[in-house]
Amino acid sequence: MKIGLVGYPGSGKSSVFGALTGMSVETGYGAGRPNVGSVKVPDRRIDALSEIYSPKKKVYAEIAFSDLGGGHGDGLDRKALVAMRGVDALCQVLRNFPDAAGEPADPLAELIGLETETLLADLEVVEQRVGRLRKDRSDPTELDLLERVQAGLEEERPVRRLGLSDPELDALSGYSLLTAKPLLLVLNQAEQALGDPPPARLADAARERGLGLVALAAPVEMEIAQLDFAEQAEFVEALGLEEPAGHRFVRAAFELIDLISMLTVGPDECRAWPIPRGTNASRAAGKIHSDLERGFIRAEVTPWREIVEHGSEAKCREAGVLRVEGRDYVVQDGDVVHVRFNV
């Protein structure tokens, strides 16, 4: 799963990338090739299960980030808009500190500005396709869907807010519409505003749009992210924070994309497997290995809390809390799954 970081020049996007990934990056417009990195999703369930199984390794779910570049002047360039189509979700970095010339920030204007640019970019794609479909009438179902999308975009409503069904969204996936992608907002604050809540007007705008919003001070958080785990905890405590902003961000991103974690345990590894919410057992097994989906027989499922409480899967079986499920069982967040298969 890849999230693209986007923002207007001067928003501190590259610093936010460094804060999230712990990577040292060049900053400033034209700093070089796009930065790409990944970050682990903090998961106390893996930590708790590892206390029981003492595995050789712990494997957390990961999210990949790509710094997509910005643009110049007051807008995004076409190169950035094209790059945005190649990711699964978007994160817009909003500036909330004076710029180099001392001009005050207006993060709400940046939110609205990007929204307008992406609406227009999507409208251009949809109008071209609608025009072709109206000429040849080759697919009336697709035409009807795209005409409804076009009407929504013309009313300045992003695709994600049109109330389309999952099959309709799947039908649109080939167009990589920008306003159909999940969007998370990161408010990049000045160091002296570290820990302050976002401005009320911005928080209201995000809530109205159904968007997640995380506030951080990127230079400070980038310094934290580059420390080892023990030093991170000390630094965060000294600053009066509960945890690094990166942890809050990745959890918010995980929820935004509507992913859950299926867990597997054992002496070799305790691992979180990110899967879309609503995935059935056989398809979830395929995330581990294609053979498990192809030869799926059954899944032995135990909620992670039950294993922590009872101490092992064997004791969960004795207590009657380990369930045997078929291929159509919908895996729940935090399920510990053991797949039986035969190929």
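The table that follows gives values for the structure above.
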{"item": "Criterion violated by Asp170 - all others in (1) charged (D, E, K, R); (2) touching a residue at least 12 places away in the same chain (Cβ under 8 Å); (3) at negative phi satisfied", "result": "(2)"}
{"item": "Unique residue being assigned to a loop (DSSP other than H, G, I, E, B), closer than 30 Å to Leu20 by Cα and over 26 Å from the mean Cα position of the chain (by Cα) when the list is Gly240, Gly278", "result": "Gly240"}
{"item": "Flag if Ile63 is closer than 22 Å to Arg160 by Cα, surrounded by 18 or more Cβ atoms within 10 Å (Cβ to Cβ), within 14 Å of the chain's Cα centre (by Cα) and at pLDDT below 85", "result": "yes"}
{"item": "Extreme residue, modelled with the lowest pLDDT, among residues of the range 159-198 that are of a type in the set (S, T, N, Q) and outside any loop (DSSP other than H, G, I, E, B)", "result": "Gln192"}
{"item": "Matching residues in the range 147-156 - criterion: being closer than 23 Å to Gly210 by Cα and either free of Cβ contacts under 8 Å to residues at least 24 places away in the same chain or surrounded by 15 or more Cβ atoms within 10 Å (Cβ to Cβ) (or both)", "result": "Arg148, Val149, Gln150, Ala151, Gly152, Leu153, Glu155"}
{"item": "Qualifying residue in the range 302-325 (condition: surrounded by 14 or more Cβ atoms within 10 Å (Cβ to Cβ), in contact with a Phe, Trp or Tyr (Cβ under 8 Å, 6 or more places away or on another chain) and part of a loop (DSSP other than H, G, I, E, B))", "result": "no"}
{"item": "Residue tally, condition under 12 Å from Ile52 (Cβ atoms) and in contact (Cβ under 8 Å) with a residue 40 or more places away in the chain, over the range 294-341", "result": "7"}
{"item": "Residue, surrounded by the most Cβ atoms within 10 Å (Cβ to Cβ), within the range 222-244, restricted to residues that are among the acidic types (Asp, Glu) and farther than 29 Å from Ile275 by Cβ", "result": "Glu223"}
{"item": "Qualifying positions in the range 199-225 - assigned to a strand (DSSP E or B) and either touching a Lys or Arg at 6+ places or on another chain (Cβ under 9 Å) or hydrophobic (A, V, I, L, M, F, W, C) (or both)", "result": "Leu213, Val214, Ala215, Leu216"}
{"item": "Scope the range 114-140; condition surrounded by 10 or more Cβ atoms within 10 Å (Cβ to Cβ) and outside any helix (DSSP H, G or I); matching residues", "result": "Asp139"}
{"item": "Index of the failed condition, His247 passing every other in (1) surrounded by fewer than 14 Cβ atoms within 10 Å (Cβ to Cβ); (2) at pLDDT below 80; (3) closer than 23 Å to Leu183 by Cα", "result": "(1)"}
{"item": "Matching residues in the range 87-99 - criterion: being out of contact with any Lys or Arg (no Cβ under 8 Å at 6 or more places or on another chain) and surrounded by fewer than 22 Cβ atoms within 10 Å (Cβ to Cβ)", "result": "Phe97, Pro98, Asp99"}
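The values are calculated or read from the model by the stated rules, or taken from the named source; none is laboratory data. Quick caveat: nothing in here was measured; it's all calculated off a predicted structure. Reconstructed Cβ throughout: ideal geometry from the backbone, glycine too, with neighbour counts over all protein chains shown.
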